[in-house]
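To start, the structure itself, in structure tokens.
The values are calculated or read from the model by the stated rules, or taken from the named source; none is laboratory data. In this text, all values refer to a predicted model and were calculated from it rather than measured experimentally. Heads up, the Cβs are rebuilt from the backbone with ideal geometry, glycines too, and the neighbour counts pull from every protein chain shown.
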Amino acid sequence: MLLKYCLVLVTIGKIVGLSYNLPKFCSDQDWIGDAITYKTGTQIQKGYQMNMFITSNNDIYTIETKPELADIQLNGEDYSKFMSNYRYDSGLAYSMFITDDQSIYLTDIGRIVKRTKEVDTWQHVVFTNDYCYEIFISRDDWLYCSMFYQHKIVKIHLSDTENRSIVVAGNETGIEGDTADMLDIPCGIFVDIDLNLYVADSDNHRIQLFRPGDLNGITVAGQRPSTSTIVLSNPTDVILDADNYLYIVDTENHRIVQSTPTSIRCIAGCNGKGSTSNHLFQPFSLFFDVLGNLYVTDKENDRIQKFIKNNNCGMSIESKLDQIFFL
């Protein structure tokens with residue numbers, strides 16, 4: 001009977017077609033405050049950085065940009081023996097996205113490049129007229145690009161050979177602002193399974209939610225009069241869990257916060273700026289692995305930090321089984 005119950009939970013726990021993780025947590029979930037350093041940078045020059053992507057198969061891709069070169073590792077091993085290095089115009093690969101078929105998408109100035117599992121070469125698949133700070137590919141094959149210099153989010157369908165872009169958030173003319181239909185230095189983006197778009201609107205110090213087809217955003221975290229218990233300072237990324245709770249990189253406050261419909265709380269880096277295991281210094285992106293552990297790119301400390309999920313949740317046995325087999 002227990003085996004049958006577990007098999008059912010495994011079946012419903014993984015959403016078909018999603019390449020990233022949407023972990024389900026208990027109501028009082030927390031993470032161990034002292035992080036483990038997953039990776040440190042080898043780049044001597046300032047101005048270059050690391051980023052990553054964790055797939056629903058728990059493959060961990062990390063990228064470290066160097067002058068005109070992107071070094072990629074898979075699960076801690078050099079990936080160059082499986083693929084050709086891509087030489088950049090800029091050497092600034094801020095964002096990568098891995099799709100369900102293990103295709104790798106990388107940002108470069110004015111374009112997105114792709115490498116498939118079958119073909120060991122990079123292809124220019126999407127051309128933009130500016131740099132994408134972050135990319136995200138939705139379950140219906142739209143590639144979203146946060147154009148932070150132009151203060152807008154555009155999407156381009158991967159099947160569109162003409163690269164026709166549609167503005168889905170922000171002012172089409174590229175003017176910044178703080179009203180519901182405008183953005184100011186948008187950075188991290190996340191598209192949920194219902195195709196709602198979440199934007200880390202950095203210089204407006206808020207997280208904006210855009211429903212499909214609606215260019216007026218709703219502020220779901222950050223600068224809201226009298227309703228926000230934590231003030232954000234230049235947030236640069238936002239991700240969701242299975243219950244649509246928000247996890248936000250609060251960059252200039254050097255911490256990670258979680259936002260629910262009723263509260264907002266700090267969950268990592270809650271001791272202020274620093275370089276020890278329980279501190280962060282200008283983090284800029286975050287990811288979940290399949291177990292719900294939290295990985296944070298800690299920019300100024302030149303490292304990726306892993307915050308281990310604390311399993312001492314106040315749950316019943318049935319709830320614990322549901323959590324384990326959902327993941």
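Restricting attention to region 257-303, the residues being in contact with a Cys (Cβ under 9 Å, 6 or more places away or on another chain), under 27 Å from ASN57 (Cα atoms) and not in a strand (DSSP E or B) number 0.
Take region 113-154 and flag every residue that is among the charged types (D, E, K, R), over 26 Å from GLY170 (Cα atoms) and either free of Cβ contacts under 8 Å to residues at least 24 places away in the same chain or assigned to a loop (DSSP other than H, G, I, E, B) (or both). If you could, list the steps in order and put the result at the bottom.
Of all residues in region 113-154, those among the charged types (D, E, K, R) come to 114-115, 117-118, 120, 130, 134, 139-141, 152.
After this cut, where a residue has to be over 26 Å from GLY170 (Cα atoms) as well, the list is 114-115, 117-118, 120.
Within region 113-154, LYS114, LYS117, GLU118, ASP120 qualify.
Within region 99-124, being touching an Asp or Glu at 6+ places or on another chain (Cβ under 7 Å) and surrounded by 15 or more Cβ atoms within 10 Å (Cβ to Cβ) holds for ASP108, GLY110.
Of the residues making up region 230-256, those that are more than 12 Å from the chain's Cα centre (by Cα) and not in a strand (DSSP E or B) number 13. Taking first residues from region 15-42 that are farther than 21 Å from GLN258 by Cα and in contact (Cβ under 8 Å) with a residue 12 or more places away in the chain and partners that are assigned to a loop (DSSP other than H, G, I, E, B) and of a type in the set (Asp, Glu), the Cβ contacts under 8 Å between residues at least 6 apart in sequence or on separate chains come to GLY17/ASP100; LEU18/ASP100; SER19/ASP100; THR40/ASP302; GLY41/ASP302. Just one of (1) in contact with a Ser or Thr (Cβ under 9 Å, 6 or more places away or on another chain); (2) at pLDDT 95 or above; (3) surrounded by fewer than 17 Cβ atoms within 10 Å (Cβ to Cβ) fails for CYS270. It is (1). Picking from residues in region 291-321 that are crowded, with 18+ Cβ neighbours inside 10 Å and in contact with a helix residue (DSSP H, G or I) (Cβ under 9 Å, 6 or more places away or on another chain), the one that is modelled with the highest pLDDT is GLY292.
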